[in-house]
């Protein structure tokens, strides 16, 4: 059976998974749920690369500030590395960078892997504020497949919400299944919060990479 490793690049160098001297971190999973989590934040002295995983109060104080009229792009993405008890910044998050998030497969797939975002692990609803309150095109989450190249300067990305056509990512750029050697597929993310919103609070959408194995 083909196995999947999901990894994040905790380095400023934009180099592929497994490159010497580049700090890629494999995410840890327990019972099909991630023991590690991604944190999206404005950042602060305590919510920063190398800091101990902070309290909820610290996260709240480092939250992104909404604007009454202008869209706001979330500044930072960090991995809360459960095994180390530390935050690890994904430095090239949202930039015009290619090797940021990686899905590494050790064998063939029977379908092209896709990335989807959902409310929770049931993977059957997308009603969170950040997922557009059920309107997929209004999702704050944007994704770009970078398997074949850079996303481009000031890339807009695809709104991510559920599995409707046009609102998830084909991680192999619609080039189909992976062969017997498997391989690495790459993507980047950003969060753009519309101006004028009057909502706040903690949301924890679930990112799912789906594929059929041989």
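The values are calculated or read from the model by the stated rules, or taken from the named source; none is laboratory data. All of these numbers come straight from a predicted model, not from anything done at the bench. Here Cβ is always computed from backbone atoms with ideal geometry, including for glycine, and neighbour counts include all displayed protein chains.
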- Task: Please work out if residue 159 is touching a helix residue (DSSP H, G or I) at 6+ places or on another chain (Cβ under 8 Å) and modelled with pLDDT of 95 or more.
- Result: yes
- Message: Can you tell me which of (1) more than 18 Å from the chain's Cα centre (by Cα); (2) farther than 16 Å from residue 39 by Cα is the one residue 95 doesn't meet?
- Response: (1)
- Note on the structure: The lone condition residue 36 fails out of (1) within 24 Å of residue 202 (Cβ to Cβ); (2) surrounded by 14 or more Cβ atoms within 10 Å (Cβ to Cβ); (3) at pLDDT 95 or above is (3)
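Residues are listed down the side, and each one gets a yes or a no for (1) within 24 Å of residue 2 (Cβ to Cβ); (2) at pLDDT below 95; (3) in a loop (DSSP other than H, G, I, E, B):
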position	(1), (2), (3)
60	no, yes, no
80	no, no, no
87	no, no, no
102	yes, no, no
137	no, no, no
147	yes, no, yes
154	no, yes, yes
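Quick check on the stretch 164-177. Is at least one of its residues under 18 Å from residue 211 (Cα atoms) and part of a strand (DSSP E or B)?
Yes, some residue in the stretch 164-177 is under 18 Å from residue 211 (Cα atoms) and part of a strand (DSSP E or B).
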- Message: Whether any residue in the stretch 59-72 is under 21 Å from residue 151 (Cα atoms) and in contact with a strand residue (DSSP E or B) (Cβ under 8 Å, 6 or more places away or on another chain) is what I want to check.
- Response: yes
- Task: Go over the candidates 145, 135 one by one and state the one that is surrounded by 18 or more Cβ atoms within 10 Å (Cβ to Cβ) and either touching a residue at least 24 places away in the same chain (Cβ under 8 Å) or more than 14 Å from the chain's Cα centre (by Cα) (or both).
- Result: 145
- Task: Being out of contact with any helix residue (DSSP H, G or I) (no Cβ under 8 Å at 6 or more places or on another chain) and crowded, with 16+ Cβ neighbours inside 10 Å is the filter; apply it to the stretch 162-182 and report the residue that is farthest from residue 131 (Cα to Cα).
- Result: 182
- Item | Scan of the stretch 117-130 for residues that are under 15 Å from residue 38 (Cβ atoms) and part of a helix (DSSP H, G or I), ordered by number | 130
- Message: Among (1) closer than 30 Å to residue 122 by Cα; (2) under 18 Å from the mean Cα position of the chain (by Cα), there is one condition residue 48 misses while meeting the rest; what is its number?
- Response: (1)
- Item | Selection within the stretch 62-78 - crowded, with 16+ Cβ neighbours inside 10 Å and outside any loop (DSSP other than H, G, I, E, B) | 72, 76, 77, 78
